[in-house]
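One structure below.
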Amino acid sequence: MSANQMIRKLRNRGENNRAGYLFIAPWLIGFLLLTLWPIIQSFYLSFTDYSLLAEPEWSGLANYTRIFTNDDEFVKSLRVTFLFVLISLPLKLIFSLLVAMLLNQKIRGMNLYRTAIYFPSLIGGSIAVSLLWRNMFGVDGYFNEVLSWFGIAGTGWISNPDTALGTLILLNIWQFGSTMVIFLAGLKQIPQELYESASVDGAAKIRKFFHITLPMLSPVMFFNLILGIIGSFQMFTAALVITKGGPMHSTYTYALFLYEKAFKHFQMGYASALAWVLLVIVAVITAINFFASRYWVFYETDGRNGK
């Protein structure tokens, strides 16, 4: 190749690179200004005393020391959040998988059923849904009215410390649409030949489920698990709108605690530190799940299961 040809080739490559950067420029600018820069600012503010009303003052590790040594609300909110995640996430995964299996049947009008079941997920965890949930489980709500038809005395489900968190867990389970769709897509990728071979060998449906469906669906289940962990730890809208963290802090989730420190008490530096602590907690739990996945997630491409 001559020198002129090499120069021409490099010039064309540079022009192609400039065109590529031009096309991704809107996303790149948005990422730098709306994502990366706020993350950097938040990390810096976590080491400062900043109230939104004055310039931030460097305080070193004071915010983190206060979190772990002198804040009972941090412990309470973390306990409520862990309880919410440990109960709601497994139930949501199980329910989503059961619904996905029902919607994977070959019957007439199935597309209509799938649309109807997924439709509530389009409004997801919006304020409107939270308001509806508050009306449903209030003292004079729809749920108590249905119970009265059977002669059962209702209660204020969201005003009772023993049941308030349960209503939020039930709401999280009800918002199963996205998880269900991912499970449904995974079920359709399982080769039918496996089920046919198992039927020839006389395997029952339960045996097929535990020895074919679950192992083949384990990567999808792992994906939903990670997304569920990240989403559940950020549960905020329902706790704010339905219960406002009460009664008696029984629904005072970590995200609500962080929000109040930032925008109610104007302790923005402290709230930034809380946000980074949450990031570390979620990252550690996610890393543990990635490590444990080698023992139960099966990938067909590498022909291993737990090795």
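The values are calculated or read from the model by the stated rules, or taken from the named source; none is laboratory data. Small disclaimer: the values here were computed from a predicted structure and weren't measured. Backbone-built Cβ (ideal geometry, glycine too); neighbour counts: all protein chains shown. The protein model used for the area step is the full one, side chains on, heavy atoms only, and it has no ligands, DNA or RNA in it. Shrake-Rupley method; radii C 1.70, N 1.55, O 1.52, S 1.80 Å.
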* Structure fact -> Among residues of the stretch 27-41 being within 21 Å of F266 (Cα to Cα) and among the β-branched types (V, I, T), the residue surrounded by the fewest Cβ atoms within 10 Å (Cβ to Cβ) is I40
* Which one of these is exposed (fewer than 15 other Cβ atoms within 10 Å of the Cβ) and within 23 Å of P38 (Cβ to Cβ): V200, V280? -> V280
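If you go through the stretch 103-116 one residue at a time, how many are open to solvent by 50 Å² or more (accessible area, probe 1.4 Å) and touching a Phe, Trp or Tyr at 6+ places or on another chain (Cβ under 9 Å)?
Applying the first criterion (open to solvent by 50 Å² or more (accessible area, probe 1.4 Å)) to the stretch 103-116 yields 105-108, 111-116.
Add one more test, that the residue is touching a Phe, Trp or Tyr at 6+ places or on another chain (Cβ under 9 Å), and what stays is 107.
Residues flagged as open to solvent by 50 Å² or more (accessible area, probe 1.4 Å) and touching a Phe, Trp or Tyr at 6+ places or on another chain (Cβ under 9 Å) within the stretch 103-116 amount to 1.
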* Structure fact -> The residue from G186, G246 that alone is open to solvent by less than 70 Å² (accessible area, probe 1.4 Å), in a helix (DSSP H, G or I) and either in contact with a helix residue (DSSP H, G or I) (Cβ under 6 Å, 6 or more places away or on another chain) or small (G, A, S) (or both) is G186
* To do: Considering only the stretch 42-81, state which residues are open to solvent by 40 Å² or more (accessible area, probe 1.4 Å), at pLDDT 95 or above and polar (S, T, N, Q).
  => T65
* Can you tell me which of S130, S96 is closer than 30 Å to K188 by Cα and open to solvent by less than 70 Å² (accessible area, probe 1.4 Å)? -> S96
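Which residue, of G186, G202, G166, G177, is on the phi > 0 side of the Ramachandran plot and assigned by the TED database to the domain that holds I94? Please lay out each step first, then the result.
Details: G186 fails: on the phi > 0 side of the Ramachandran plot; G166 fails: on the phi > 0 side of the Ramachandran plot; G177 fails: on the phi > 0 side of the Ramachandran plot.
The conditions single out G202.
From the list V241, V280, which one is free of Cβ contacts under 8 Å to residues at least 12 places away in the same chain and either in a helix (DSSP H, G or I) or not hydrophobic (A, V, I, L, M, F, W, C) (or both)?
Values: V241 fails: free of Cβ contacts under 8 Å to residues at least 12 places away in the same chain.
The match here is V280.
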* Asked: Can you pull out the residues in the stretch 148-206 that are of a type in the set (S, T, N, Q) and under 29 Å from the mean Cα position of the chain (by Cα)?
  -> S159, N160, T163, T167, N172, Q175, S178, T179, Q189
* Here are L103, L89: which of them is touching a residue at least 40 places away in the same chain (Cβ under 8 Å), under 19 Å from I226 (Cα atoms) and not basic (K, R)? -> L89
* Asked: Which residue, of I158, I152, I87, is in contact with a Gly (Cβ under 8 Å, 6 or more places away or on another chain) and either open to solvent by 20 Å² or more (accessible area, probe 1.4 Å) or outside the structural domain of A271 (by the TED database) (or both)?
  -> I158
